[in-house]
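K.L.:
Submitted below is the structure of interest, expressed as structure tokens.
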Amino acid sequence: MLPISACLIIRNEEKYIKRCLQSLPDVKEILIIDQNSTDNTLKEIRSLKKDNIKIFQRANIGNADPMRNFLYSLASQPWILALDADEYLSKKTKSVIPYLIDLKPSYDVFWFFFENLVEGKNIREILGDDPHPRLFRKGALVWPTTLHTYPEIKSPFQFWVDRQYKIIHDRTLEDIRKSHKSRTKLLDPRARQQELVFLKKLMAFLGVEDNLEWF
């Protein structure tokens, strides 16, 4: 098994959680904070019958970011692989991870490019390349508690993984609507305006009527 703790913070992800977990390489442990899911998320996880999954229950605060540092502190392994439930590793990405953590000279943080899909359509022209640090040594970064911000990187030894090894973020417009409604009060005015601009571009790209009251 790889010396990696896969870490997820979830709520009501019954549609996606098995796909995410089944895409993981053979890691030592999978740590999950569940924010009081009310659907069949936990049932789906348990159906996988994985002995290396540990689930921690926490109250739903509408935002995963304040819990990230706490979750990473629980990791028993030197490497952390951070994913959201509606993300998953491509087969090529899954196969390259063992080589990344053994690279010489070694690195502490690996950035991955994303393939962002909404309703099955690639929205790269809206989000751009959208790289994120998702594989890193424990302690190599600290996550701010504010919503949708990049972490503070503690190490200069970073590596941008080739685009062929991507993480896939696949969701529906309805998922985005629910997510936006649940967190909009947590955003500061500038971030809220940026999100509204993104939503307008997304609806235009998908050919959906521009009616932000829907959100």
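K.L.:
Amide H neighbours of Trp111 under 5 Å, counting only residues 5+ apart in sequence or on other chains, H built in-plane at 1.01 Å?
P.N.:
Here the answer is Phe159, Trp160, Val161, since their amide H atoms fall under 5 Å of that of Trp111.
K.L.:
What does the charge add up to near Leu141, with Lys and Arg as +1, Asp and Glu as -1, over the other residues with Cβ less than 13 Å from its Cβ?
P.N.:
+2
K.L.:
Can you compute the modelled spin-label distance between Val208 and Lys104, with each label point 7 Å from Cα toward Cβ, in nm?
P.N.:
That separation, rounded to one decimal, is 5.0 nm.
K.L.:
If you average the sequence gap of Cα pairs under 8 Å that are 6 or more apart and divide by the length of region 80-191, what percent do you get for the contact order?
P.N.:
Worked out over region 80-191, it gives 38 percent.
K.L.:
Turning to a different aspect of this structure: Go through region 4-19 residue by residue and turn each phi into a ³J(HN,Hα) via Karplus (6.51, -1.76, 1.60, θ = phi - 60°); whole Hz please, and just put x for glycine and proline.
P.N.:
Per-residue couplings from phi come out as 10, 9, 7, 10, 9, 10, 9, 7, 6, 10, 4, 6, 10, 4, 5, 4 Hz.
K.L.:
Report the calculated FRET efficiency for Lys121 and Lys178 (r = Cβ-Cβ distance, R0 = 22 Å), to the nearest 0.05.
P.N.:
For Lys121 and Lys178, the calculated efficiency is 0.70.
K.L.:
Report which label in (1) 38, 27, 15; (2) 27, 20, 17; (3) 32, 19, 15 holds the value of semi-axes √(5λ) of the Cα gyration tensor in Å derived from the coordinates of this structure.
P.N.:
Among (1) 38, 27, 15; (2) 27, 20, 17; (3) 32, 19, 15, the one derived from this structure is (2).
K.L.:
Now a separate question. For the chain, calculate the relative contact order in percent as a whole number, restricting contacts to Cα pairs under 8 Å that are 6 or more residues apart.
P.N.:
21
K.L.:
Okay, next question. In what sequence do Thr172, Thr41, Thr145 fall when counting other Cβ within 10 Å, fewest first?
P.N.:
Thr145, Thr172, Thr41
K.L.:
Still on this structure, I have one more. Amide H of Gln77 versus every other amide H placed in the peptide plane: which residues, excluding those fewer than 5 positions away on the same chain, fall under 5 Å?
P.N.:
Under 5 Å from the amide H of Gln77: Ser5.
K.L.:
Tell me the label-point distance for the pair Asn40, Lys54, using the 7 Å Cα-to-Cβ offset, in nm and rounded to one decimal.
P.N.:
Going from the Asn40 label point to the Lys54 one covers 2.9 nm.
K.L.:
Read phi for every residue in region 28-43 and hand back ³J(HN,Hα) as whole Hz from Karplus 6.51 cos²θ - 1.76 cosθ + 1.60, θ = phi - 60°, with x for Gly and Pro.
P.N.:
5, 8, 10, 9, 10, 9, 9, 8, 6, 4, 10, 9, 9, 4, 5, 4
K.L.:
Mind listing the phi-derived Karplus ³J(HN,Hα) values for region 152-169, rounded to whole Hz, using 6.51, -1.76 and 1.60 with θ = phi - 60°, and x for any glycine or proline?
P.N.:
7, 8, 8, 10, x, 8, 10, 9, 8, 6, 3, 4, 5, 9, 10, 9, 9, 10
K.L.:
Go ahead and set up a Gaussian network model of the chain, Cα springs under 10 Å, then flag whichever of Leu135, Leu173, Leu24 fluctuates most.
P.N.:
Answer for the Gaussian network model of the chain: Leu173.
K.L.:
While we're on this one: With the chain treated as a Gaussian network of Cα nodes joined by springs under 10 Å, which of Gly139, Gly120, Gly62 yields the largest mean-square fluctuation?
P.N.:
Gly120
K.L.:
Compare Asn40, Asn116, Asn69 in a GNM of the chain, Cα atoms joined below 10 Å, and give the one with the largest fluctuation.
P.N.:
Asn40
K.L.:
Using the number of other C-beta atoms within 10 angstrom as an exposure proxy, rank Glu29, Glu209 with the fewest first.
P.N.:
By the 10 Å Cβ count, ascending: Glu209, Glu29.
K.L.:
With each pseudo-label sitting 7 Å past Cα toward Cβ, what's the Lys28-Gln194 distance in nm, one decimal?
P.N.:
3.5
K.L.:
Nothing charged except the Cβ atoms of Lys and Arg (+1) and of Asp and Glu (-1): what's the magnitude of the dipole of the chain about its Cα centre? Round to the nearest 20 debye.
P.N.:
Here the size comes out at about 440 debye.
We did not get these values from a lab; they are worked out from the coordinates using the rules stated. Source: prediction; values computed, not measured. Cβ coordinates were reconstructed from backbone atoms using ideal geometry, including for glycine residues, and neighbour counts include every protein chain displayed.
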